[in-house]
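Here is the structure we will look at.
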Amino acid sequence: MESLQACEDMKLFSPVKIGKQVLKNRIVMAPMVTYHLDHKQSNKDKIMQYYQERLENPIGMLVSQSIFVPKLGVAMEKFEDTYHWFVEALNENCKKHGTKCVIQLSYDSPSYYEDGFVDVTNYSQEELLELKNKYIDCIKLLLTWDVDGIELHGAHGYFMNMMNAIETNKRKDQFGLGKMSYTFLKEIIESVRPFLGDKMLTYRLGLSNDEVENIKMSQFLQEMKIDSIHYSYGIPKPKHIELNAFAEYFDVVKMSIRTSEHIKVPTIFSNEIRTLNRAENLLKHTKAELIAFGRPFLADANFINHALTDLNYKPCISCKKCRWFYEPDNCVQKK
Ligand SMILES: Cc1cc2nc3c(=O)[nH]c(=O)nc-3n(C[C@H](O)[C@H](O)[C@H](O)COP(=O)(O)O)c2cc1C
Ligand code: SF4
């Protein structure tokens with residue numbers, strides 16, 4: 001088994017320190033909402049089986065599907081009722097496998113790329129203060145549930161991405177982006193910092209098409225001592241980038257390569273990385289410290305275990321619209 005032998009020497013399978021924690025390897029299972037979470041635990045068996053099967057692979061860090069801070073006017077109890085059982089069960093499962101459990105936190109409202117999104121410039125100051133405090137309360141609560149880390153979802157056009165993107169946040173008050181101060185996010189991070197202890201705080205950064213904006217946001221996160229930056233697409237999405245040595249990668253990855261050259265924070269690259277060979281190439285020749293795979297884990301629950309004998313193994317065929325978004329049991333690659 002040539003490939004199995006080769007894996008032992010791969011950077012991908014070497015340990016890495018993120019914040020105060022050591023991950024057994026550099027593979028991240030990307031956050032993906034599959035089955036819906038609710039307080040009745042309607043999909044409990046399906047969800048836990050989904051994670052359990054994938055945790056049988058050697059994964060350094062698992063980032064959970066997004067869970068959501070309560071909407072405006074909704075009490076914090078809703079958060080506890082809906083998610084405590086899930087976080088506890090996932091955390092326990094991760095611990096059994098030596099995989100770090102990171103919970104992704106977002107706000108449940110349509111993305112900039114979906115119909116009916118709310119322009120963040122139109123929120124009142126009181127509404128933003130309520131949301132900011134809810135983020136803080138949710139993070140503090142998650143920390144008491146003993147997870148290994150929390151990832152703030154600031155990508156894919158969702159609320160936090162809109163708050164931190166020049167294209168969408170046109171506010172003139174303290175929550176605007178004057179002098180690129182990112183006050184909303186800054187105050188959240190500063191408020192939870194004393195409670196973090198050895199837990200990781202990561203940020204999923206939605207890269208825009210503007211390299212300078214991406215570098216500034218990354219440098220801000222570095223100043224805020226965030227433990228790692230997980231790059232993906234933001235507002236507007238990165239467009240075609242010339243980067244000859246990496247021509248075969250997606251533009252989001254190329255923008256991640258360019259942006260990460262300006263910071264020292266460990267970065268996670270994601271989006272269409274597809275195979276272990278392509279991941280290893282990025283780890284060896286760019287500043288990526290970790291590689292996240294999403295749909296390969298959906299198309300084959302045993303993705304990494306199978307890829308150990310074929311480093312070019314590519315289970316996902318990148319359908320135009322991934323079935324897991326609307327009928328998770330009908331992935332076209334399902335055997
Ligand atoms: C069904 C599905 C659900 C997703 N849900 C989330 C999510 O909750 N949070 C997030 O940051 N990204 C989410 N993503 C994006 C993935 O984390 C990942 O960035 C994307 O699939 C690209 O990586 P890949 O080419 O390895 O699949 C989702 C993707 C899919 C296919
Ligand atoms: S439905 Fe298509 S895009 Fe989604 S995981 Fe399956 S093969 Fe990949």
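Annotation: extensible slack from Lys44 through Glu327 equals 100.2 nm (criterion: 0.36 nm per residue apart, minus Cα-Cα distance).
Counting only DSSP beta bridges with both residues in the chain, the antiparallel share comes to about 10 percent.
For the cross-link pairs Lys11/Lys216; Lys140/Lys284; Lys11/Lys132; Lys40/Lys95, the ones whose C-alpha atoms lie over 32 Å apart are Lys140/Lys284; Lys11/Lys132.
Per-residue ellipticity at 222 nm, computed for the chain from helices alone with -39500 (n - 2.57) per DSSP H run of at least four residues, works out to -10500 deg cm²/dmol.
Electrostatic tally near Lys216: other residues with Cβ closer than 12 Å to its Cβ, Lys and Arg +1, Asp and Glu -1, net -3.
For the range 9-82, which GluC sites (Glu not before Pro) pass both filters: DSSP loop (anything but H, G, I, E, B) and at most 16 other C-beta atoms within 10 Å?
Numbers: sites: Glu53, Glu56, Glu77, Glu80; in loops: Glu56.
Passing sites in the range 9-82 are Glu56.
Each Lys and Arg contributes +1 and each Asp and Glu -1, all at the Cβ; summed about the Cα centre of the chain, the dipole is approximately 460 debye.
For the range 1-141, the share of DSSP beta bridges that are antiparallel, to the nearest 5, is 25%. Between Glu56 and Asp108, the modelled label-to-label distance comes to 3.1 nm, taking each label 7 Å out from Cα in the direction of the beta carbon.
Among the trypsin sites (Lys or Arg not before Pro) in the range 39-89, those placed in a DSSP loop whose Cβ has at most 14 other Cβ atoms within 10 Å are Lys40, Lys71.
Within the chain, no whole DSSP H helix has Cα atoms reaching 24 Å or more along its own axis together with a mean Kyte-Doolittle score of at least 0.5. Could you work out which residue, out of Ala75, Ala165, Ala307, moves most in a Gaussian network model of the chain, that is, has the largest mean-square fluctuation with Cα springs under 10 Å? In this elastic network of the chain, the residue with the biggest mean-square fluctuation among Ala75, Ala165, Ala307 is Ala75.
Values quoted throughout were computed directly from the atomic coordinates according to the rules given, and no laboratory measurement underlies them. Owing to the predicted nature of the structure, the values given are computational and were not obtained by experimental measurement. Virtual Cβ from ideal backbone geometry, glycine too; neighbours counted across all protein chains shown.
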